[in-house]
Amino acid sequence: MNKKLLYNVGIALGDFIAFILISILGALLITKDPANLNKGFILTTLVISLIKVGVGFILGTYKYLWMYSIRRNLTKLIIMILCLDLIFLVLSLVPYISKYTGYKDTIYVAMMLMEFAYLVITRFAMSIYFTYFYKAKGKNNKELVRTVIIGAGSAGAMVQTELGRTKEFGYKIVGFVDDSKDKIGTLINGVKVYGPIININEIAKKLEAKRIVIAIPSAGIAKIKEITN
């Protein structure tokens, strides 16, 4: 079993167990009677939890990389889970089904709230782990290359965020270089903007930079050649 599949299965298994425990806890909080956790309730809980995880696999929610697009991925996941809960909630209103399963609408409401909290907490925790700890694992002893970003616009800031927040690529952003007088001397996420670009050689020597990244989407071939030369 490869690492990617093991990662997906591990998260799915964790969700499956969590959904079961949340359902049981929700029932206990609402009914306050352990006797309500009968065979029908336990079986229904297992089936519902399995359906949620199964639908998650079908829709690809367990393929998300939680260090990127955390809000968008989390929103999709929550919508999927809550939609399934609403379907089960409607079914629980049918007298025969409610009698057999032991589920009540109030139990579903409590369960939905706890699932929302669980998904938010776990996914943000995963995002933080993979972004700031997992990616840096094994990189602590690696010497980072001092790097200057040419272009202090939105593209430059995005490059700094992506390359500078982890040690995965081996960059240490030490400065920006730009031609805009309004930007020279300011800070972008704590990194100073220097300029103009024509002085890149002197600036790179001053900052002891060993690598330069061009982050000017609008720059044509002539401009890039000028900078490179």
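Here are the numbers for the structure shown:
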| quantity | calculated |
| --- | --- |
| Exceeding the 31 Å Cα-Cα cut-off - candidates K3/K39; K181/K206; K3/K52 | K3/K39 |
| Length added when fully stretched, L207-T75, from 0.36 nm per residue minus Cα-Cα | 43.3 nm |
| Amide H partners (placed H, <5 Å) of I214, local residues excluded | I150 |
| Set of aspartates and glutamates with alpha-carbon distance to K210 below 20 Å, sequence-local pairs under 8 removed | E143, E162, E168, D178, E202, E226 |
| Extension reserve of the A18-L59 stretch, reckoned as 0.36 nm per residue once the Cα distance is removed | 12.8 nm |
| Computed E for T31/T161 - FRET, C-beta separation, R0 30 angstrom, nearest 0.05 | 0.05 |
| Cβ crowding within 10 Å averaged over residues, with 199-206, 39-46 ranked highest first | 39-46, 199-206 |
| Proximal aspartates and glutamates relative to K76, as straight alpha-carbon distance under 18 Å, when same-chain residues fewer than 8 apart are discounted | D15, D85, E115 |
| Accessible-area value, F57, 1.4 Å probe, nucleic acids and ligands omitted, Å² | 90 |
| Binned Cα-Cα distance frequencies in segment 10-49 - 10 Å width, integer % | 31, 52, 15, 1 |
| Exceeding the 18 Å Cα-Cα cut-off - candidates K32/K104; K4/K172; K205/K225 | K4/K172; K205/K225 |
| Largest-first ordering by accessible area, 1.4 Å probe, given options E208, E143 | E143, E208 |
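The values are calculated or read from the model by the stated rules, or taken from the named source; none is laboratory data. Remember, it's a predicted structure, so these values are computed and weren't measured experimentally. Using ideal geometry, Cβ is built from the backbone for each residue, glycine included, and neighbour counts are taken over all protein chains shown. Calculation scope for accessible area: heavy atoms of the full protein, side chains included, ligands and nucleic acids excluded. Shrake-Rupley method; radii C 1.70, N 1.55, O 1.52, S 1.80 Å.
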